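What follows is a short report on a single structure.
The values are calculated or read from the model by the stated rules, or taken from the named source; none is laboratory data. The model shown is predicted, which means the values in this text are computed figures rather than measured ones. Here the Cβ positions follow ideal geometry from the backbone for every residue, glycine too, while neighbour counts run over all protein chains shown. The protein model used for the area step is the full one, side chains on, heavy atoms only, and it has no ligands, DNA or RNA in it. Shrake-Rupley method; radii C 1.70, N 1.55, O 1.52, S 1.80 Å.
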Amino acid sequence: MRRQNRVEILGIGVDSVNMVEAIAIIEEFIANGKPSIVVTADASGIVAAQTDEHWRKIMEDADLVTPDSVGVLWAAGKVGSPLEERVSGVDIVEKLAELSAKKGYRLYFLGAAPGVAQAAANALSSRFPGTVIGGVQDGYFSAAEVPEIVARIREVKPDVLFVAMGIPKQEMFITEHMNEIAAKVSIGVGGSFDVFSGNVKRAPKFVQNLRMEWLWRLIQNPRKWRKVATLPKFWWLVMRSGRRA
Ligand code: UDP
């Protein structure tokens, strides 16, 4: 069930939604009950989809694809369909934790290093008392452990499954298991648990306002260099496709 209002960036459809609209759509998925998947798309994911067929198909078939990076916003402007704002995994997790406290949505946290998902869940529960935590599981497990993990999540009947194992591993896990797990909506949320657990600090507001959060995160996490290294390619592909259009 894809929205009509999409922006095509290098052949990948990104939904033209702001934060409020994205949350309203996610709440529709919860009300509807049929397992849905939300992808938060950044520039490196769109670059990867140019050569990885499986990943491209996942993005194409996703129920909602949100613009999760400054690069995606820039590219949308470049193709003449400006997007209003970033709709990031971190912001989605935070908003749904708040709504869980108000409406009772049951959340499951899957991913990140041992202890981090629990720390993130604890931090959000103390910020939004009443948040319903269905369970937590770290994101470092073997293939042999998958059936048991899937069964455990299914048993809890989550409304929302957050999967924080990085793009595209998290989305591959979701598409492979979403029907069996039967969470109403599953969302790939990247490094979000590290942010809420306090492992990684979010950039101060003024850095976010300068659209420099990527640089802040990069300095904190050298592993991210590989991702940033795809940005010149993204820029080049977008510029080239603009000239051809
Ligand atoms: N991670 C995981 N299992 C893995 C590999 C990574 O749970 O096998 C976690 C990692 O601990 C981190 C998150 O996935 O919490 C990825 O964070 P990153 O910020 O790199 O993801 P991005 O937001 O850039 O996709």
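Residue by residue through segment 117-145, note down the ones that are farther than 25 Å from residue 23 by Cβ, within 12 Å of the ligand (Cβ to nearest atom) and of a type outside the set (Asp, Glu).
Hits for segment 117-145 are 140, 141, 142, 143.
Evaluate the following for residue 28: is it assigned to a helix (DSSP H, G or I), open to solvent by 10 Å² or more (accessible area, probe 1.4 Å) and free of Cβ contacts under 8 Å to residues at least 24 places away in the same chain? If you could, list the steps in order and put the result at the bottom.
Details: assigned to a helix (DSSP H, G or I): yes; open to solvent by 10 Å² or more (accessible area, probe 1.4 Å): yes; free of Cβ contacts under 8 Å to residues at least 24 places away in the same chain: yes.
Spelling it out, residue 28 is indeed assigned to a helix (DSSP H, G or I), open to solvent by 10 Å² or more (accessible area, probe 1.4 Å) and free of Cβ contacts under 8 Å to residues at least 24 places away in the same chain.
Can we say residue 169 is open to solvent by 50 Å² or more (accessible area, probe 1.4 Å), basic (Lys, Arg) and either touching a helix residue (DSSP H, G or I) at 6+ places or on another chain (Cβ under 7 Å) or closer than 18 Å to residue 67 by Cα (or both)? I'd like the intermediate steps shown before the answer.
Values: open to solvent by 50 Å² or more (accessible area, probe 1.4 Å): yes; basic (Lys, Arg): yes; either touching a helix residue (DSSP H, G or I) at 6+ places or on another chain (Cβ under 7 Å) or closer than 18 Å to residue 67 by Cα (or both): no.
Against the criterion (open to solvent by 50 Å² or more (accessible area, probe 1.4 Å), basic (Lys, Arg) and either touching a helix residue (DSSP H, G or I) at 6+ places or on another chain (Cβ under 7 Å) or closer than 18 Å to residue 67 by Cα (or both)), residue 169 does not qualify.
Take segment 40-73 and flag every residue that is under 15 Å from the mean Cα position of the chain (by Cα) and under 18 Å from residue 213 (Cα atoms).
Those that are under 15 Å from the mean Cα position of the chain (by Cα) and under 18 Å from residue 213 (Cα atoms): 40, 41, 42, 43, 44, 45, 66, 67, 68, 69, 70, 72.
So is residue 141 on the phi < 0 side of the Ramachandran plot and free of Cβ contacts under 8 Å to residues at least 12 places away in the same chain or not?
On the way: on the phi < 0 side of the Ramachandran plot: yes; free of Cβ contacts under 8 Å to residues at least 12 places away in the same chain: yes.
Spelling it out, residue 141 is indeed on the phi < 0 side of the Ramachandran plot and free of Cβ contacts under 8 Å to residues at least 12 places away in the same chain.
Please verify whether residue 114 is within 24 Å of residue 227 (Cα to Cα), within 13 Å of the ligand (Cβ to nearest atom) and surrounded by fewer than 15 Cβ atoms within 10 Å (Cβ to Cβ), treating the condition exactly as stated.
Details: within 24 Å of residue 227 (Cα to Cα): yes; within 13 Å of the ligand (Cβ to nearest atom): yes; surrounded by fewer than 15 Cβ atoms within 10 Å (Cβ to Cβ): yes.
For residue 114, the condition - within 24 Å of residue 227 (Cα to Cα), within 13 Å of the ligand (Cβ to nearest atom) and surrounded by fewer than 15 Cβ atoms within 10 Å (Cβ to Cβ) - is met.
Give me a count of the residues in segment 165-180 that are without any contact (Cβ under 8 Å) to a residue 60 or more places away in the chain and more than 11 Å from the ligand (Cβ to nearest atom).
3
Being buried (at least 17 other Cβ atoms within 10 Å of the Cβ) and away from the ligand (no atom under 16 Å from the Cβ) is the filter here; which residues of segment 191-245 pass it?
Result: 237, 238.
Among the residues of segment 71-111, which ones are within 16 Å of the ligand (Cβ to nearest atom) and of a type outside the set (Gly, Ala, Ser)? Outline the logic, then answer.
Step one: filter segment 71-111 for residues within 16 Å of the ligand (Cβ to nearest atom), giving 71-72, 86-94, 108-111.
Answer for segment 71-111, where residues must be within 16 Å of the ligand (Cβ to nearest atom) and of a type outside the set (Gly, Ala, Ser): 72, 86, 87, 90, 91, 92, 93, 94, 108, 109, 110.
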